[in-house]
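Visitor: First, the structure itself, so that you have it in front of you.
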Amino acid sequence: MRDATMHTATLSAIGDGMDPGFGIYVHWPFCAAKCPYCDFNSHVRHQPIDQPRFVAAFLKEMAEARELSGPRTVTSIFMGGGTPSLMDPATVDAILSGIAREWHVPDGIEITMEANPSSVEATRFHGYRAAGVNRVSLGVQALNDRDLKFLGRLHNVEDALKAIRLAREIFPRMSFDLIYARPNQTVEEWERELKEAVSYAVDHLSLYQLTIEEGTPFYGLHKAGKLIVPDGEQSAVLYEATQDITASIGMPAYEVSNHARPGAESRHNLTYWRYGDYAGIGPGAHGRLSVGGAKVATATERKPEEWLRLVETYGHGMVEREVLDLEAQSDELLLMGLRLKEGVDLARWQSLSGRDPDPDREQFLIDHGFIERLGNSRLRCTPSGMLILDAVVADLAC
């Protein structure tokens, strides 16, 4: 793919306003090791991956997705996983070139790749940049070796800082993730770690509270009482400290777990949260596509080898293709949009749901300081509401 050099004017044009855009999500499902907290579709393989074979399958599935989506202009591309930075640069180049053949890809759009510090090499980073990647998202997760080991990460702090430095040198944009609300983590410890993190950050940070997901090793330990995470009150204190520190250095939250300097928000993730369309390519990828006036939810086979067999046999690995009714769409719009500081477009929600928000429920949430109106056009959660986001969404959706 041609070098997607960043153009400020282009980014401004696609980033302003509330246009959800059209994204492409590519899922690379392989990891060097499975983290004990992770419930993503990631798989460890002890033999080399046949990358050319997987590339051919990605290209076939893209063609099927293009048939479904019709001609569209892509506003962002995101390579997630798994660990996409285990891909050869030639694999990345072939995938991006395939996307450009199927859809219109303007110069300068955001093209993000997730990377783990343990798989970062300068040569590979330069190769990804040459292929067109212009934003990297690093899975740092912690800035002390004790907690990195606890989280099952293969890198140490030295590796993480090296990866951050390389990313800053090579890519126009860079973000990294941290996980907090770890066992026995005090507010003072987290504040020190976060202040260190913001000194390394360029313009974007993703800060997630540790959650215990069913089916993970952490779930079994937690259920057995061997892993204790902060309770609701302590988690709230940690969350509030996070908001205070990031806001103080000009990187406020624009989404419940994501912080950026103005204009540096993740264009691709805004497409999800604004309930735009995106094509999901690869094992376990989900998509949302507008087709003939309907919204279609898609999902592909999660197991990589079975996905590969399906694509080579049928041209795609799709195992779910559901037309969402208007009620389901309005619920998804609410669920995604209330994560954003900008909130939900009420007119859009009303057009899908066919109703106004229940006035009594809305007033109750307003009176208790959980939501607020932005004029007559938008509804959003307050900082207090973000702490109980699932409950607020459930209340408004009824």
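Visitor: How would Met251, Met386 line up by accessible area, probe 1.4 Å, largest first?
Guide: Final ranking, largest accessible area leading: Met386, Met251.
Visitor: Find the centroid of the Cα atoms in the stretch 183-217 and in the stretch 78-130, then give the distance between the two in whole Å.
Guide: That distance is 26 Å.
Visitor: Considering only the other residues whose Cβ falls under 13 Å of the Cβ of Thr211, what net charge follows from Lys and Arg at +1 and Asp and Glu at -1?
Guide: Summing Lys/Arg as +1 and Asp/Glu as -1 gives -3.
Visitor: Enter the accessible area per residue of the stretch 153-236 (Å², integer; probe 1.4 Å; all protein chains in place).
Guide: It amounts to 50 Å² per residue over the stretch 153-236.
Visitor: To continue, here is another question. Hey, can you find the accessible area per residue of the stretch 60-142 for me, probe 1.4 Å, expressed in square angstrom?
Guide: 29
Visitor: Could I ask something else about it? Need one number: convex hull volume per residue for the chain, Cα atoms only, in Å³.
Guide: Cα convex hull per residue, to the nearest whole number: 144 Å³.
Visitor: Right, here's the next one. Largest first, please: the extent of the C-alpha atoms of the stretch 34-103 along each principal axis, to the nearest Å.
Guide: 40, 26, 18
Visitor: Using Cα pairs under 8 angstrom and six or more residues apart, how large is the relative contact order of the chain, in percent?
Guide: Over the chain, the number comes to 17 percent.
Visitor: Another one. Tell me, which cysteines of the chain are without a disulfide-compatible partner by the Cβ under 4.7 Å rule?
Guide: Flagged as lacking a Cys partner: Cys31, Cys381, Cys398.
Visitor: Turning to a different aspect of this structure: Bin by bin, in steps of 5 Å, what percent of the Cα pairs in the stretch 115-227 do you find, going until the bin that has the longest distance?
Guide: 2, 11, 21, 21, 17, 12, 8, 4, 2, 0
Visitor: List the GluC sites (Glu not before Pro) within the stretch 164-244 that DSSP assigns to loop and that have no more than 15 neighbouring Cβ atoms inside 10 Å.
Guide: Of the GluC sites (Glu not before Pro), the ones in loops of the stretch 164-244 whose Cβ has at most 15 other Cβ atoms within 10 Å are Glu213, Glu214.
Visitor: Can you send over the carbon and sulfur percentage of the accessible area for the chain, probe radius 1.4 Å, protein chains only?
Guide: 52
The values are calculated or read from the model by the stated rules, or taken from the named source; none is laboratory data. All figures in this text were calculated on a predicted structure; none of them were measured in a lab. Cβ sites come from the backbone with ideal geometry, for glycine too, and all protein chains shown count toward neighbours. Side chains included, ligands, DNA and RNA excluded: accessible areas come from the protein's heavy atoms. Shrake-Rupley method; radii C 1.70, N 1.55, O 1.52, S 1.80 Å.
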